[in-house]
Amino acid sequence: MEFITDREALRQHYRAPGDGAVRKELRRLDRHAKGFLARSPFVLIGSSDDKGNADVTPKGDKPGFVAILDDATIAIPDRPGNNRLDTLENVIVNPAVGLLFLIPGMNETLRINGDARLTADPALCERLAAEGKLPVTVMVVAIKAVYMHCAKAFMRSELWVSGTWPDRTSLPTLGQILRDQLALADNAETLDRSLDESYRKSMW
C-alpha cells in the first residue's frame with residue numbers, strides 16, 4: 001500500500017474547494033452561529049497533546065449550555081465524568097481545539113476552531129451552574145475560525161433516521177463490555193445497575 005505523504009500529492013486527488021467553502025469561514029460569531037449555539041445540546045471536542053496524541057471527547061447538557069462570552073469567546077462547562085481528564089490535560093500543553101456542535105435532527109453542524117484555556121473562576125462557574133451544581137472547571141475558547149459544515153456526512157449515514165438504527169437489544173450493554181474487557185467477576189446485570197445508579201447520582 002502506498003501512502004500519500006504531502007499536500008501536493010493529496011490535492012491531485014481532489015478538486016479545488018469552491019469559493020463559498022473558503023469564504024464561509026468567519027473569525028467571529030455571527031447571529032447564525034450564536035443561534036446554533038443557543039440550540040445545541042452537544043459538542044465534540046478534538047484536542048492533542050504536545051506529542052501529537054489525539055483525543056475527542058463529547059460534552060452535552062441542556063441546549064445552550066455553552067456560554068457566549070463575546071463574539072470571539074465561548075465557555076464550555078465541565079460536568080462530572082470519569083476523571084481521566086484526557087482533553088483537559090491536552091489543552092494545558094497544547095491549547096488548539098476543534099469543536100463540532102450538533103443539534104438533534106439537523107444534518108448541518110457548526111464547527112469552531114480556537115485556543116482553549118481552563119479556569120475555575122467562581123463567577124463563571126456560577127454562571128454555568130446546572131441543576132444547582134457548579135461545573136468542576138470551565139474551558140474558555142478563543143475563536144480562530146467558525147463556519148457551518150455541510151450535511152453530506154449526516155445524510156449519507158442517516159444518523160437521525162430512526163428506521164436505520166440498530167435494535168438496541170442486539171448490542172451489548174456497557175456492563176457486558178466492561179465485564180469482558182476488564183475480566184470482572186461481577187455479572188453484567190450488576191454492573192449495569194451500578195452504572196445506572198452512578199449516572200443518577202452524578203449527572204451534574
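The values are calculated or read from the model by the stated rules, or taken from the named source; none is laboratory data. All values reported here derive from a predicted model rather than from experimental measurement. For neighbour counting, all protein chains shown are included, and Cβ atoms are generated from backbone atoms with ideal geometry for every residue, glycine included. Ligands, DNA and RNA are excluded from the accessible area calculation, which covers all protein heavy atoms including side chains. Shrake-Rupley method; radii C 1.70, N 1.55, O 1.52, S 1.80 Å.
Below, the figures for the structure above:
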{"quantity": "Single residue of the stretch 1-41 satisfying the filter (small (Gly, Ala, Ser) and more than 20 Å from Asn107 (Cβ to Cβ)) that is surrounded by the fewest Cβ atoms within 10 Å (Cβ to Cβ)", "calculated": "Ala16"}
{"quantity": "Filtered residue count, the stretch 76-92, keeping only those that are closer than 20 Å to Lys133 by Cβ, touching a residue at least 12 places away in the same chain (Cβ under 8 Å) and of a type in the set (A, V, I, L, M)", "calculated": "2"}
{"quantity": "Leu88 surrounded by 14 or more Cβ atoms within 10 Å (Cβ to Cβ) and under 30 Å from Ser162 (Cβ atoms)", "calculated": "no"}
{"quantity": "Qualifying residue in the stretch 184-199 (condition: open to solvent by 80 Å² or more (accessible area, probe 1.4 Å), under 26 Å from the mean Cα position of the chain (by Cα), within 29 Å of Asp78 (Cα to Cα) and of a type in the set (Lys, Arg))", "calculated": "no"}
{"quantity": "Residue match in the stretch 127-134 (condition: touching a residue at least 60 places away in the same chain (Cβ under 8 Å), out of contact with any Leu (no Cβ under 7 Å at 6 or more places or on another chain), among the charged types (D, E, K, R) and in a strand (DSSP E or B))", "calculated": "yes"}
{"quantity": "Entirely in the stretch 38-95, the strands (runs of 3 or more DSSP E) that have 3 or more residues that are within 17 Å of Leu118 (Cβ to Cβ)", "calculated": "42-48, 54-60, 73-78"}
{"quantity": "Pairs where the first residue, in the stretch 36-47, is in contact (Cβ under 8 Å) with a residue 24 or more places away in the chain and the second is part of a strand (DSSP E or B) and charged (D, E, K, R), C-beta under 6 Å, 6+ apart", "calculated": "Val43/Lys59; Ser47/Asp55"}
{"quantity": "When residues of the stretch 142-183 are limited to those that are among the charged types (D, E, K, R) and more than 29 Å from Leu37 (Cα to Cα), the one surrounded by the most Cβ atoms within 10 Å (Cβ to Cβ)", "calculated": "Arg179"}
{"quantity": "Matching residues in the stretch 124-141 - criterion: being open to solvent by 70 Å² or more (accessible area, probe 1.4 Å) and hydrophobic (A, V, I, L, M, F, W, C)", "calculated": "Leu134, Val136"}
